[in-house]
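Enquirer: One structure, as structure tokens, below. Some questions next.
Derivation of every value follows stated rules applied to the coordinates shown; laboratory data play no part. As the structure is a prediction and not an experimental result, all values here were calculated from the model. Ideal geometry is used to build each Cβ from the backbone, glycine not excepted, and the neighbour counts take in all protein chains shown.
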Amino acid sequence: MAISGHKGVSRIDQVSKNHHGWYVRVRYNGTTVSKFFATGSTGIATRR
């Protein structure tokens with residue numbers, strides 16, 4: 001299980017590319033949907 005404590009939720013912190021956020025995967029009726037939710041380097045979610 002991920003550090004987040006939730007199945008399908010992973011934290012991404014790739015300093016070399018300044019890429020920070022949460023990657024979420026959900027499977028429903030045989031279809032997998034995934035989305036990356038970007039956060040600032042402080043870890044605070046940003047609104048879009």
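Enquirer: May I ask you to evaluate 6.51 cos²θ - 1.76 cosθ + 1.60, the Karplus curve with θ = phi - 60°, for each residue of the stretch 21-33 and list the ³J(HN,Hα) values in order in whole Hz, giving x for glycine and proline?
Expert: These are the phi-based 3J(HN,Hα) values: x, 10, 10, 10, 10, 10, 10, 8, 6, x, 10, 9, 10 Hz.
Enquirer: On to the next question. Pull out the extension gain between His20 and Ser34, defined as 0.36 nm times the separation in residues minus the alpha carbon to alpha carbon distance; nm, one decimal.
Expert: So the extension gain works out to 3.4 nm.
Enquirer: Something else about it: When you count, for each residue, the other Cβ atoms within 10 Å and take the mean per peptide, how do 10-22, 26-38 rank with the highest first? Before the final figure, lay out each step's value.
Expert: Numbers: 10-22: 11.8, 26-38: 9.2.
Answer by packing, highest mean first, reads 10-22, 26-38.
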